[in-house]
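S.K.: Below is a structure I'd like to ask you about.
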Amino acid sequence: MKQLKPGLMMFFLLCALSVSAQKNTFRVMFYNVENLFDTEHEPNKQDVEFTPEGNKHWNKHKYYDKLENIAKVITAVGEWDTPVLVGLSEVENNKVLKDLTQSSPLRKMQYRYVLTESRDPRGIDVALLYQRDRFKYLSHDCIRIKFPGHSKKRTRDLLHVTGQISTGDTLDVFVVHFPSRRAGQQESEPDRLHVASVLRAKTDSLARVRTKANLIIMGDFNDEPSDRSISQVLNTKAPMYSEQPMDLFNLFLSIEKNSPIGTYKYRNQWNFLDQIIVSGNLLNSNSAFQVLPETARIFQADFLLVKDKSNGGRRPKKTFNGRNYEGGYSDHLPVFVDFQVKTIKK
């Protein structure tokens, strides 16, 4: 029998180790995809600009280019494989998710998805894509936000998806898109504080149902990790081992302080609006499913960035820069983190 050359043997060994590592690594990403609208106007939605007759002249060519671009980003974040869970914000409806998962290069990955149907005036929602062979869907809940004293105020629902992973553990995933800063950061802060309190009440209720809940909260918070809605209302901390499995830890708190960029650039300033938060049980080294240390990152591939001619440095390559069609990806950069799946010996 012919023996393989040492170099070739090493190549096959590395390939085998890579495949094994993929099975034991569970990647989660979040991406604000910036106005993923189809080309049709829906009654009672402020989406006319994203139609062929609107001021953005949004047509099928631009729409399918947008789907291809989002698929490219998700695939690139996955490296060897696409992420197991993908949280998305600013998606319009079921049609755009169906087209993304079935009519773009992502169709080979056989993603399934869950979507909110909120009362946001623009008609944008949050969603979760999941690989059903690694995340067994069990149930989901769309948590509607009501603002006391402001019955006509609308924002995105919170999405809560419950599933089971290969270890047999239950995983509770929240995808959020907090109210925007459009009216001004301080002026709009009370709305984000309120939404954060609704989210915290939901996680507290889970703590009473599950002894050691495994929580992942990801989204566009329209606040930075050190802002009050996250640091005080959600009461998040920097990652560390905790005896309290329901404490919440922001995996991007230390990155906010040390990173030269953020996930969203407003004029000449980077903001860290997109984050992933986990419950303490997912930082426990004895857990079968746990965060891999120092894997929380901003995905800042060169193809996602362009020269910022107005403010210096670089900025995300957008779909539209003002009213000018740029043909890019999003005005946000995605974030991701890896989890380790351990085989527990019985």
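The values are calculated or read from the model by the stated rules, or taken from the named source; none is laboratory data. Quick caveat: nothing in here was measured; it's all calculated off a predicted structure. In this analysis, Cβ positions are derived from the backbone assuming ideal geometry, glycine residues included, and neighbour counts consider all displayed protein chains.
S.K.: Of everything in the stretch 294-310, what is surrounded by 12 or more Cβ atoms within 10 Å (Cβ to Cβ) and not in a strand (DSSP E or B)? Give them in sequence order.
M.R.: Glu294, Thr295, Ala296, Phe299, Gln300, Ala301, Phe303, Leu304, Asp308
S.K.: So which residues in the stretch 114-135 are in a loop (DSSP other than H, G, I, E, B), within 23 Å of Gln46 (Cα to Cα) and not acidic (Asp, Glu), if there are any at all?
M.R.: Listed by number, the residues that qualify are Thr116, Ser118, Arg119, Pro121, Arg122, Gly123, Ile124.
S.K.: Quick one: count up the residues across the stretch 115-131 that are modelled with pLDDT of 95 or more and either over 24 Å from Ser197 (Cβ atoms) or loosely packed, with under 14 Cβ neighbours inside 10 Å (or both).
M.R.: The qualifying residues number 4.
Here is a yes/no grid of residues against (1) charged (D, E, K, R); (2) at pLDDT below 95; (3) in contact with a Lys or Arg (Cβ under 7 Å, 6 or more places away or on another chain):
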{"position": "Thr203", "(1), (2), (3)": "no, no, no"}
{"position": "Arg210", "(1), (2), (3)": "yes, yes, no"}
{"position": "Ile216", "(1), (2), (3)": "no, no, no"}
{"position": "Asp220", "(1), (2), (3)": "yes, no, no"}
{"position": "Gln244", "(1), (2), (3)": "no, yes, no"}
{"position": "Asp247", "(1), (2), (3)": "yes, yes, yes"}
{"position": "Tyr264", "(1), (2), (3)": "no, no, no"}
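S.K.: Name the pairs: first residue in the stretch 136-149 and surrounded by 14 or more Cβ atoms within 10 Å (Cβ to Cβ), second residue assigned to a strand (DSSP E or B) and charged (D, E, K, R), Cβ to Cβ under 7 Å, at least 6 apart or on different chains?
M.R.: Tyr137/Arg112
S.K.: Further, regarding this structure: Suppose the filter is more than 24 Å from Phe178 (Cα to Cα) and not β-branched (Val, Ile, Thr); does Glu79 pass it?
M.R.: yes
S.K.: To continue, here is another question. Testing Ile277 on (1) buried (at least 22 other Cβ atoms within 10 Å of the Cβ); (2) out of contact with any Pro (no Cβ under 8 Å at 6 or more places or on another chain); (3) farther than 18 Å from Leu206 by Cα, one condition comes back false. Which one is that?
M.R.: Every listed condition holds for Ile277 apart from (3).
S.K.: Listed residues Ile230, Ile145, Ile124; which is over 20 Å from Glu34 (Cα atoms), among the hydrophobic types (A, V, I, L, M, F, W, C) and within 19 Å of the chain's Cα centre (by Cα)?
M.R.: Residue meeting the stated conditions: Ile230.
Residues are listed down the side, and each one gets a yes or a no for (1) assigned to a loop (DSSP other than H, G, I, E, B); (2) in contact with a strand residue (DSSP E or B) (Cβ under 9 Å, 6 or more places away or on another chain); (3) of a type in the set (Phe, Trp, Tyr):
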| position | (1), (2), (3) |
| --- | --- |
| Phe174 | no, yes, yes |
| Arg182 | yes, no, no |
| Asp191 | no, yes, no |
| His194 | no, yes, no |
| Leu199 | no, yes, no |
| Ser205 | no, no, no |
| Arg208 | no, no, no |
| Thr211 | yes, no, no |
| Met218 | no, yes, no |
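S.K.: With Pro316, Pro293 as the choices, which residue is out of contact with any Cys (no Cβ under 8 Å at 6 or more places or on another chain) and at pLDDT 95 or above?
M.R.: Just a single option satisfies the conditions, and that option is Pro316.
S.K.: Next question. Within the stretch 47-99, track down each residue that is buried (at least 16 other Cβ atoms within 10 Å of the Cβ), in contact with a Ser or Thr (Cβ under 8 Å, 6 or more places away or on another chain), in contact (Cβ under 8 Å) with a residue 24 or more places away in the chain and assigned to a loop (DSSP other than H, G, I, E, B).
M.R.: Answer for the stretch 47-99, where residues must be buried (at least 16 other Cβ atoms within 10 Å of the Cβ), in contact with a Ser or Thr (Cβ under 8 Å, 6 or more places away or on another chain), in contact (Cβ under 8 Å) with a residue 24 or more places away in the chain and assigned to a loop (DSSP other than H, G, I, E, B): just Thr82.
S.K.: Of the conditions (1) within 15 Å of the chain's Cα centre (by Cα); (2) touching a residue at least 40 places away in the same chain (Cβ under 8 Å), Ile165 clears all except one; give me its number.
M.R.: (1)
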